[in-house]
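A short reminder: the numbers here are calculations on the coordinates, not readings from a lab. Values in this document were obtained by computation on a predicted structure and should not be read as measured data. With ideal geometry, Cβ positions are generated from the backbone for all residues, glycine too; neighbour counts draw on all protein chains shown.
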Amino acid sequence: MNIPAQAPLHLLHTAAVGTLATHARQPEGFPYPSVLPFAPDEQHRPTILVSRLAEHTHNLHADPRAGFLVVDAPDGDVLNGQRVTLLGRFEPVEPAPGLVARYLRYHPDAERYLVLGDFTFWTMKLDRLRYIGGFGAMGWLGGDELDPLPELEREAEDSLIGEFADALASDSGYQLIGVDRYGVDLRKDSQRKRFAFESAKPDQETLHAALEDCIRRQGN
């Protein structure tokens, strides 16, 4: 195994869409892949918003086991790009205000689907994942190895976004949509960007300093 530190985690914050592979009900047993948007939750796991009428939603109700593939190959060279395959189980989650607000920061266009009333949120519980970052950089990780640190609670993230979002937007035009201990997620004109910290930030003081550095660098 030769995986750069936090590479799978950063990838899950870089990509906006993934491929969901569920177990088909008909014809039974076949993998059923579909492409859909997702947002990482506080533990960096994919959260999806799906219609109750969708085939993959029916499949998940029958068998929650699934695979989820995320790829980042901006130059089109998939074999030399990054990809991670997640294996686990999707579970429906309640649309709490904090969850909805966070998802809409990543996918503001999804608000029109929420108005329809038949869409539900699901989050993946990770069992294992396989990361490939190009030749010689690949390996398996257990789901609990993705992030060994305690998650940054939603209230702490919301507080940091409230404190730094205006300054970042003023200096660089980027919207601050997510903060975690390893980096921040930015969006401008529907394009997402990951600003990775040089090292993990275990407390509010170091997170403050990292966000100030992010604003300074994005403004240059």
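Taken over segment 66-92, the residue count meeting the criterion of being loosely packed, with under 14 Cβ neighbours inside 10 Å, part of a strand (DSSP E or B) and of a type outside the set (D, E, K, R) is 0. Name the residues in segment 150-177 that are out of contact with any helix residue (DSSP H, G or I) (no Cβ under 7 Å at 6 or more places or on another chain) and either closer than 20 Å to A7 by Cα or not small (G, A, S) (or both), would you? Residues satisfying the conditions are P150, E151, L152, E153, E155, E157, D158, I161, E163, D166. Considering R102, R25, the condition of being surrounded by 12 or more Cβ atoms within 10 Å (Cβ to Cβ) and either polar (S, T, N, Q) or within 17 Å of R192 (Cβ to Cβ) (or both) is satisfied by R102 alone. Here is the figure for segment 138-165: residues that are among the aromatic types (F, W, Y) and in a strand (DSSP E or B) total 1.
Taking segment 105-137 as the range and being more than 14 Å from the chain's Cα centre (by Cα), in a helix (DSSP H, G or I) and either exposed (fewer than 14 other Cβ atoms within 10 Å of the Cβ) or of a type in the set (K, R) (or both) as the test, the residues that pass are P108, D109, E111, R112, V115, L116. Looking at this structure, is E28 out of contact with any helix residue (DSSP H, G or I) (no Cβ under 9 Å at 6 or more places or on another chain), under 29 Å from L176 (Cα atoms) and of a type in the set (D, E)? Considered against the rule, which asks whether it is out of contact with any helix residue (DSSP H, G or I) (no Cβ under 9 Å at 6 or more places or on another chain), under 29 Å from L176 (Cα atoms) and of a type in the set (D, E), E28 comes out as no.
Counting only residues that are acidic (D, E), in a helix (DSSP H, G or I) and farther than 15 Å from L168 by Cβ, segment 185-214 holds 1 of them.
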